[in-house]
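A quick write-up on the structure given underneath.
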Amino acid sequence: MWLVAKYKNNELQMFKNSLAKELGEEPVFFIPKTKYQKYYKNKLKTFEENVLEGYILCYHSKFKSSTLVNNIRYIKGLQYFLKNFVQNQKEIVQFISYCKSHQDINGYLNQDFFNFAQIKKGRFLSGPFTNLIFDVLENNKKKLKVLIGNITTTISKKTYYLYRSA
């Protein structure tokens, strides 16, 4: 059974270790991530970002027991578990399948994951326009015509520039 957990900042490894210790064996963890590059102090640096921003998906057969889940609510590194995870198993599995179908060979999500049919406003995650917000003027199958400030430009959807809805 899949469980969605919110972990404390900079305590992900502590949470994983504590959970494995409580369960007696290592659960399966899934964290969808993106990899992007941007300039930092005049050097091109590579960064990873957790798409779920502080949440992690965990699978273990013992999560079917509600008493076990109640007992592990206070382990190190954990803020809380999302409620109603038992009723939402189908949606969690569909989300994981969707993420895995949009991963590259290194396990990072590609831009197809972020393509939205009705996106009106977005924010660049990588490339020369990193962290800039844009308005979508035209959304075709192969390209996106955007307005950044007062500059209009066209971006191919096949590029490695990552963006998401703002």
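Around I133, what is the net charge, scoring Lys/Arg as +1 and Asp/Glu as -1 over all other residues with Cβ under 14 Å from its Cβ? With Lys, Arg at +1 and Asp, Glu at -1, the neighbours total +3.
Descending by average beta-carbon neighbour count within 10 Å, the peptides 39-47, 69-77 line up as 69-77, 39-47, the highest first. Counting only protein heavy atoms, what percent of the accessible surface of segment 65-166 is carbon or sulfur at a 1.4 Å probe? Answer for segment 65-166: carbon and sulfur cover 53 percent of the accessible area.
Max-minus-min Cα coordinates of the chain on each principal axis give 57, 37, 28 Å, with the largest extent listed first. Using the Karplus relation 6.51 cos²θ - 1.76 cosθ + 1.60 with θ = phi - 60°, the per-residue 3J(HN,Hα) values for segment 4-9 come to 10, 10, 9, 9, 6, 3 Hz, with x marking Gly and Pro.
Rounded to the nearest whole Hz, the Karplus-based 3J(HN,Hα) values (6.51 cos²θ - 1.76 cosθ + 1.60, θ = phi - 60°) of segment 130-141 follow the sequence 3, 6, 7, 9, 10, 9, 8, 8, 8, 10, 9, 5, with x at glycine and proline. The chymotrypsin sites (Phe, Trp or Tyr not before Pro) of segment 76-153 meeting both criteria, a DSSP state outside H, G, I, E and B (loop) and at most 16 other C-beta atoms within 10 angstrom of the site's C-beta, are F116. What's the FRET efficiency of K83 with R123 using the Cβ-Cβ distance as r and R₀ = 35 Å, to the nearest 0.05? According to the calculation, E is roughly 0.75.
The GluC sites (Glu not before Pro) of segment 1-110 that DSSP puts in a loop, and whose beta carbon has at most 15 other beta carbons within 10 Å, are E11, E25, E53. Across segment 84-97, computed HN-Hα scalar couplings (Karplus, 6.51 cos²θ - 1.76 cosθ + 1.60, θ = phi - 60°) run 6, 5, 5, 6, 9, 4, 4, 5, 5, 5, 5, 5, 4, 4 Hz from first to last residue, x flagging Gly and Pro.
Relative to the current alpha-carbon distance between Q94 and N9, full extension at 0.36 nm per residue lengthens the span by 27.9 nm.
The values are calculated or read from the model by the stated rules, or taken from the named source; none is laboratory data. This structure is a prediction, so every number in the text was calculated from the model and none was measured. Please note: Cβ atoms are built from the backbone with ideal geometry, for glycine as well, and neighbour counts cover all protein chains shown. For accessibility, only protein heavy atoms count, side chains too; no ligands or nucleic acids. Shrake-Rupley method; radii C 1.70, N 1.55, O 1.52, S 1.80 Å.
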